[in-house]
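Presented below is the structure to which this report refers.
Coordinate-derived values only; no laboratory data. Since we're looking at a predicted model, the values are computed, not measured. Note that we place each Cβ from the backbone using ideal geometry, even for glycine, and neighbour counts take in every protein chain shown.
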There are 2 protein chains.
Amino acid sequence: MTRTSDIRVAVSTVIFSLRRLASGDGAAVVLPLVKRTRDPFEGLWALPGGWLGTDENLDAAAARTLAETTGLAPSYLEQLYAFGAVDRSPSRVVSIVYWALVRPDEAEAAHAQHNVAWFDAASLPTLAFDHNQIVDYALWRLRNKVGYSRIAHGLLPAEFTLAELREVYEAILGKRLDPANFRRQVENSATLIPTDQFRTGSHRPARLYRYDHEVELADRGPLSR
Amino acid sequence: MTRTSDIRVAVSTVIFSLRRLASGDGAAVVLPLVKRTRDPFEGLWALPGGWLGTDENLDAAAARTLAETTGLAPSYLEQLYAFGAVDRSPSRVVSIVYWALVRPDEAEAAHAQHNVAWFDAASLPTLAFDHNQIVDYALWRLRNKVGYSRIAHGLLPAEFTLAELREVYEAILGKRLDPANFRRQVENSATLIPTDQFRTGSHRPARLYRYDHEVELADRGPLSR
């Protein structure tokens, strides 16, 4: 039963970014998809990805296929999950899925690419393969992680206001957060360092914060060392 | 470069359990290994596992190969990570690794199997393939998870004393914890329900606790529903 030569290995990537809503009020979580130009699922949108090369590591394959299809090159891709259901593709394919968060300015690279578009993660069309399920899983992980790690950092510039940080959390969690409670929780977490800089503009000046880089990222683990 | 038919897919499993120290003082994290009877790495110990069948899902393959090699059948296997470095095996193999915790009484099943032995996770010999690295990663995840989830539950009976719970944490974290601080943290976490039962024996009676099943396990996610 173990004719494993009939099983092929692919990599796919979920890239989350933020897009400000046209109303100017809040932001949405968005991700880039690639329109398929061949069977199976020709014409449907799919996650960026491709086949694993025999002479490349998994993370290298994820970075290569992401760059080839979208032009995006995040500094760090984290392995999300391996999807291998028998019926997920007409032929047997195990996909190792990676993910990353990119800031809105980094996301520009994908806008110029042919057959690539950014979609609101909350209202996707039917995607190729099991890619709707993969995005759902990535969103679930994102919502879980935002609670206990600095994952929102990946969507923010080096310095940011508490209102900007709250907007990231609101976009990921899909709900409004009370500003006073949010400020209290962040201050209690002791992971942010207030700077001497303020954001000025049409509103009253807001202090800029940065993440404390002495607090180790709990997400990466021994594999990335 | 994408001759993916040269890449094979395997599954492996890390099963953690506890073994009381001979001194009667504390416990150690242990895992079952299988002695290899063929090349590559003949004679070395390896994680339980085998090839993915073309007609079986990843989690089914993990459960099947674990049962075939060790006789163990945990109620739930969680996917840990996909290991696919080019040089991890003489031929190109991507291994999807699953893990589970089993209570000491469940671990008995593996003791009767030929070529299977339990090893102290803190003092392993050189294992086949990259299996030392895989165990290190699983231990890192275990130590991280024990802090924010009910993962220790998998190593405990339905009802347990706070001293027994603390012993699990001490074995996983590899350090002693202050009993009074530990009790306070557990009581503050509001995840345990005190029962009306007490453990009696040579010491003074100790109250038995159980986990609050209304608190959802954060680990499983949408894929297990």
Position A:Asp136, label points 7 Å along Cα→Cβ, spacing to each other copy in nm (shortest first, one decimal): 3.7
Average Cα contact separation per residue, chain B, under 8 Å, 6 or more apart, as relative contact order %: 20 percent
Vicinal HN-Hα couplings computed from phi for segment B:101-108 (Karplus, 6.51 cos²θ - 1.76 cosθ + 1.60; Hz; Gly/Pro x): 10, 10, 5, x, 5, 6, 5, 3
Size of electric dipole in the protein assembly as shown: Cβ of Lys, Arg +1 and of Asp, Glu -1, about Cα centre, debye, nearest 20: 480 debye
In order through segment B:180-185: 3J(HN,Hα) via Karplus (6.51 cos²θ - 1.76 cosθ + 1.60), integer Hz, x for Gly, Pro: 5, 4, 4, 4, 5, 4
³J(HN,Hα), Karplus 6.51/-1.76/1.60, whole Hz, each residue of segment A:18-27, x for Gly, Pro: 10, 10, 5, 5, 4, 5, x, 10, x, 9
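Write down the percent of antiparallel bridges among all DSSP beta bridges whose residues are both part of segment B:8-148, to the nearest 5. Can you show the working numbers first?
Details: 19 of 28 bridges.
Given both bridge residues lie in segment B:8-148, the antiparallel proportion sits at roughly 70 percent.
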Residues in segment A:45-86 that a label on A:Arg103 would reach, taking backbone N under 18 Å of a point 7 Å out along Cα→Cβ: A:72-77
5 angstrom amide H check on B:Val30, placed H, neighbours 5+ away: B:Ser17, B:Leu18, B:Arg19, B:Ala121
Residues with amide H under 5 Å from that of B:Leu80, placed H, sequence gap 5 or more: B:Val97, B:Tyr98, B:Trp99
Qualifying lysines (Cα of each under 17 Å from Cα of B:Lys175; at least 8 residues distant if same chain): B:Lys145
Nearest 10 degrees, 0 to 90: helix A:131-148 Cα axis against chain A principal axis: 30 degrees
Shape category assigned to segment B:104-154 from the gyration tensor of Cα positions, a/c cut at 1.5: oblate
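To make sure I understand, if each residue's beta carbon is the centre and we count other beta carbons within 10 Å, what order do A:Phe182, A:Phe16 fall in, fewest to most? Don't jump to the answer; show the numbers that get you there.
On the way: A:Phe182 17, A:Phe16 23.
The most exposed by this proxy come first: A:Phe182, A:Phe16.
To the nearest 0.05, what FRET efficiency results for B:Val186 and A:Thr195 with a Förster distance of 56 Å applied to their C-beta separation? Don't jump to the answer; show the numbers that get you there.
Working: r = 38 Å, r/R0 = 0.68.
Efficiency computed from Cβ-Cβ geometry: 0.90.
Quick one: grab the alpha carbon gyration tensor of the protein assembly as shown, order the square roots of its eigenvalues as a ≥ b ≥ c, and give me rounded if a/c is under 1.5, else prolate or oblate depending on whether a/b is larger than b/c.
Values: a/c = 2.13, a/b = 1.15, b/c = 1.85.
Because a/c hits 1.5 or more and a/b fails to exceed b/c, the protein assembly as shown counts as oblate.
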Cα Rg, Dmax, segment B:156-216, angstrom units: 11.8, 36
Percent RCO, i.e. relative contact order, over segment A:149-218, from Cα pairs under 8 Å lying at least 6 residues apart: 36 percent
Shape of segment A:1-80, Cα gyration tensor, a/c cut at 1.5: prolate
Listed residues B:Gly201, B:Gly50, B:Gly154, most fluctuating in chain B (Gaussian network, C-alpha, under 10 Å): B:Gly201
Extension reserve of the B:Asn115-B:Lys35 stretch, reckoned as 0.36 nm per residue once the Cα distance is removed: 28.3 nm
Exam field: B:Arg19 pseudo-label spacings to other copies (7 Å along Cα-Cβ), nanometres: 5.6
